[in-house]
Amino acid sequence: MKIVLPIFCGIFIINQTFAGSFFTNSAKECYADTSGINSFWFCGAQSESCSGKKARKYNRKHWYYHGEYFEHDGIKYWCCNGSGSGSGTFVESSAWAYQAIRTKELTNGTCNYIVTINICGQVTGTPCTKPDKCNENTVLRNEECIFVCEGTSAFESYQSNTCVDCPTTNYQGINEDFVCTKCDPELYFFNKKTKKCEPKENFTQYPKSALKKCFMCPDNVYFEQCVFYVSGKQIEDAEKIKIECKLSDE
């Protein structure tokens, strides 16, 4: 008995999908993906090829210009300086631009301002002109770093950064803001304790004759002691008061 064993010849068809590659040229002017139907991305005007790979008629071709991007495998590729008349460069970045703080040196101080820097390296922003931090021994006043007034000098006004001589008298003095304060002599005295102009009725009233004798006193400290003295009150250093206020023995 002859046994015939059937032999089945199977034909195996292997579908091969060639893994494509994603590449660029040395200048990163273009990118290409050769998997499946080839795709090309160009930054600005250039020949339709990338790193020696020519884009065929049936391939996908995309052109991008400055500030535009394409995305591949979750990565963004931005076109820098590409235009309709010339090629640019692709740069990888998740965002087109970011912000940064710049510091500018000014006279006697510095200031900070914000700039926007895109991934192509272009910087935009308006430099500051007014200081927000002053160098040592200077203070920020009226948006300017200045040296403080010294001795008996003070600022001429709140709006001015000019120092003027401002010795303390019955009618003027340096207030808490280091501004020279001048009082109306008909209505006010300068109070050296509060550093303000205050109505005359707030002060102890003295005879006009005593006030008249003490007008030569160099400041209100001597003036007050002088008035006490000529009003018949006992004070220390009477002889010094007489000398400083130029009192006569009459």
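Cα-Cα pairs above 19 Å in segment 115-188: how many percent?
Values: 1431 of 2701 pairs.
Roughly 53 percent, rounded to a whole number.
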Unit charges at the beta carbon, dipole of the chain: most positive-side option, LEU187, ILE241, ALA210: LEU187
Rounding to the nearest 20 debye, state how big the charge dipole of segment 18-142 is about its Cα centre with +1 on each Lys and Arg Cβ and -1 on each Asp and Glu Cβ. 220 debye
Using alpha carbons only, how many angstrom separate the centre of segment 52-120 from the centre of segment 168-235? 71 Å
Using a 10 Å cut-off on Cβ atoms, rank the peptides 169-175, 213-219 from the highest mean neighbour count down. 169-175, 213-219
Give the Rg (one decimal place) followed by the Dmax (whole number) of segment 134-230, computed from C-alpha coordinates and expressed in Å. 15.9, 52
Checking the table LYS53/LYS76; LYS200/LYS242; LYS196/LYS246; LYS28/LYS104 against a 29 Å threshold on Cα-Cα, which pairs fail? LYS28/LYS104
Pop the C-beta distance of LYS61 and SER26 into the FRET formula with R0 = 22 Å and round what comes out to the nearest 0.05. 0.60
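Leaving ligands and nucleic acids out of the surface, order LYS53, LYS246, LYS130 by accessible area at 1.4 Å, largest first. Each step should come with its number before you reach the end.
Working: LYS53 80, LYS246 135, LYS130 110 Å².
If we order LYS53, LYS246, LYS130 from most to least accessible, we get LYS246, LYS130, LYS53.
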For segment 70-214, taking Cα atoms only, what is the radius of gyration to one decimal and the Dmax to the nearest whole Å? 29.7, 99
List residues of segment 176-196, by number, whose backbone nitrogen lies under 15 Å from a label position 7 Å along Cα→C-beta of VAL148. 176-180
In percent, what relative contact order does the chain have, based on Cα pairs under 8 Å that are 6 or more apart in sequence? 7 percent
Report the one residue of ILE37, ASN175, CYS149 whose Cα lies farthest in the direction of the positive end of the charge dipole of the chain (charges on C-beta: Lys and Arg +1, Asp and Glu -1; origin at the Cα centre). ILE37
In degrees from 0 to 90, rounded to the nearest 10, what is the angle of the helix 220-230 Cα long axis to the longest principal axis of the chain? 20 degrees
Read-out Rg/Rh (Cα atoms, Kirkwood Rh), candidates (i) 1.06; (ii) 1.61; (iii) 0.94; calculated match is (ii)
Per residue, accessible area of the chain with a 1.4 Å probe, heavy atoms of protein chains only, in Å², comes to 69 Å²
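For the chain, what is the charge dipole size about the Cα centre, in debye to the nearest 20, if Lys and Arg each add +1 at the Cβ and Asp and Glu each add -1 at the Cβ? Intermediate results must be reported in sequence, preceding the final value.
Details: 27 positive and 29 negative charges, 349 e Å.
Around 1680 debye, computed over the chain.
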At a 1.4 Å probe radius, carbon and sulfur cover how many percent of the accessible area of segment 135-250? 50 percent
Label point at ARG141 placed 7 Å out along Cα→Cβ; residues across segment 152-176 whose backbone nitrogen lies under 17 Å: 152-168, 173-176
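The values are calculated or read from the model by the stated rules, or taken from the named source; none is laboratory data. Just so it is clear, the model here is predicted, and its values are computed rather than measured. Virtual Cβ from ideal backbone geometry, glycine too; neighbours counted across all protein chains shown. In case anyone asks, the SASA skips ligands and DNA or RNA and just uses the protein heavy atoms, side chains included. Shrake-Rupley method; radii C 1.70, N 1.55, O 1.52, S 1.80 Å.
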